[in-house]
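K.L.:
There's a structure below that I have some questions on.
The values are calculated or read from the model by the stated rules, or taken from the named source; none is laboratory data. As the structure is a prediction and not an experimental result, all values here were calculated from the model. Every residue, glycine among them, receives a Cβ derived from its backbone with ideal geometry; neighbour counts consider all protein chains shown.
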Amino acid sequence: MYTGHVAIALATRGVRRDLPLWVLVLATQACDWVELIVRPFTWRTDTEVYSHAYPFVIVAALVVAAAVWWWKRSVSAAAIVTMVYLSHPLLDYVTGYKPLWLGGPSMGLGVIRRPAADFVVQGLVCLLGCAIYWRSLPATRRRHVSAAAPLLLLLALQGISDLRLESNKRRRERRSRSLGGDRASPTVVAIASPWVTPNHAAAHAMR
C-alpha cells in the first residue's frame, strides 16, 4: 500500500491536532524508509524482514514512541504514533505479500496483483482518511476548493501507480504468450488463491 499510508496519517491528524502532519506521515511511511536504509547491509530477500516483520517492526515502533514521548511528554501522543507506525505492515498484508517474522512465511491478500481492485481498496482508504481530516478543518476552510486537494492528489498518484502496474502486468502476459509457456505463472496462481504465498505460487508453477 502506498497512498493509503498517507491517508492514515491524514486521518490521525484529523483526530490529534497536536501532532504535526509531517511527523505522522514519517511514522506511517517509516517501514519503507527502514527498508531503504538496511538494504545495502542485508541480502535483498531479507530487507522486508528487518523493516516490516516481527519483532523488528515492534522494536522500531517502540523507539519512535520513546522519541515522541521525550518530545511531547505525552503517553497518548506516543501511543498514537506507535499505532500509526504499526498500521503500515498491517495494511501491507492487504495489498501485498510481507514476511510475518524472521524465518517465517510471507503472507498477504496480494490485492496489488489486481490493479483495478488495488485502486478501489486504496481509494476507499484515501476517501475515509481525507474525510476525517476534512471534518477537522475550520468551517471556512472546508468550503474552500483547496480542502479537496489532498484527496485528489492521492487518487491521482494511486491511479498512476495502478496504471503502471496494469501496463507491466499486460507486458508480462504478452511475453509469456510469446514464449509459448503452457504452465500457470505464479501471478495467476496467486490471484486464484489470495492467501497463497509467493513461495507456494512458485512451487506450483514448477510442477
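K.L.:
Give T42, T95, T82 a once-over and let me know the one that is out of contact with any strand residue (DSSP E or B) (no Cβ under 8 Å at 6 or more places or on another chain), among the hydroxyl-bearing types (S, T, Y), over 21 Å from V111 (Cα atoms) and at pLDDT below 90.
P.N.:
Step by step, each of T42, T95, T82 is checked, and only T42 is out of contact with any strand residue (DSSP E or B) (no Cβ under 8 Å at 6 or more places or on another chain), among the hydroxyl-bearing types (S, T, Y), over 21 Å from V111 (Cα atoms) and at pLDDT below 90.
K.L.:
Another question, then. Please tell me if P115 is over 23 Å from T12 (Cβ atoms) and surrounded by 14 or more Cβ atoms within 10 Å (Cβ to Cβ).
P.N.:
When the stated conditions are applied, P115 passes them.
K.L.:
While we're here: Residues that are surrounded by fewer than 16 Cβ atoms within 10 Å (Cβ to Cβ), at pLDDT 90 or above, more than 16 Å from the chain's Cα centre (by Cα) and part of a loop (DSSP other than H, G, I, E, B): does segment 46-57 have at least one?
P.N.:
Of all residues in segment 46-57, those surrounded by fewer than 16 Cβ atoms within 10 Å (Cβ to Cβ) come to 46, 54-55.
The next check asks that each one be at pLDDT 90 or above; those that pass are none.
Checking segment 46-57: not a single residue is surrounded by fewer than 16 Cβ atoms within 10 Å (Cβ to Cβ), at pLDDT 90 or above, more than 16 Å from the chain's Cα centre (by Cα) and part of a loop (DSSP other than H, G, I, E, B).
K.L.:
All but one of (1) at pLDDT 95 or above; (2) under 16 Å from D162 (Cβ atoms) hold for L128; which doesn't?
P.N.:
Of the numbered conditions (1) at pLDDT 95 or above; (2) under 16 Å from D162 (Cβ atoms), the odd one out for L128 is (2).
K.L.:
Every residue in segment 124-146 that is more than 14 Å from A11 (Cα to Cα) and of a type outside the set (S, T, Y), please. Let's see the steps before the verdict.
P.N.:
Looking only at segment 124-146, we keep the residues that are more than 14 Å from A11 (Cα to Cα), and these are 138-146.
Those that are more than 14 Å from A11 (Cα to Cα) and of a type outside the set (S, T, Y): P138, A139, R141, R142, R143, H144, V145.
K.L.:
Continuing with the same structure: Can you tell me which residues in segment 93-147 are under 30 Å from T47 (Cβ atoms) and among the hydroxyl-bearing types (S, T, Y)?
P.N.:
Y93, T95, Y97, S106
K.L.:
Also, quick follow-up: Looking at L128, L163, L155, which is the one that is of a type outside the set (V, I, T), more than 20 Å from V25 (Cα to Cα), in contact (Cβ under 8 Å) with a residue 40 or more places away in the chain and touching a helix residue (DSSP H, G or I) at 6+ places or on another chain (Cβ under 8 Å)? So that I can check it myself, show each step before the final result.
P.N.:
Details: L128 fails: more than 20 Å from V25 (Cα to Cα); L155 fails: more than 20 Å from V25 (Cα to Cα).
L163 is the lone residue from the list that is of a type outside the set (V, I, T), more than 20 Å from V25 (Cα to Cα), in contact (Cβ under 8 Å) with a residue 40 or more places away in the chain and touching a helix residue (DSSP H, G or I) at 6+ places or on another chain (Cβ under 8 Å).
K.L.:
Take the residues in segment 108-135 that are outside any helix (DSSP H, G or I) and out of contact with any Gly (no Cβ under 7 Å at 6 or more places or on another chain), then tell me which one is farthest from L21 (Cα to Cα).
P.N.:
Residue satisfying both the conditions and the ranking: R114.
K.L.:
Only one of T3, T28, T47, T42 is over 27 Å from P115 (Cα atoms) and among the hydroxyl-bearing types (S, T, Y). Can you tell me which?
P.N.:
Sole residue among the options that is over 27 Å from P115 (Cα atoms) and among the hydroxyl-bearing types (S, T, Y): T42.
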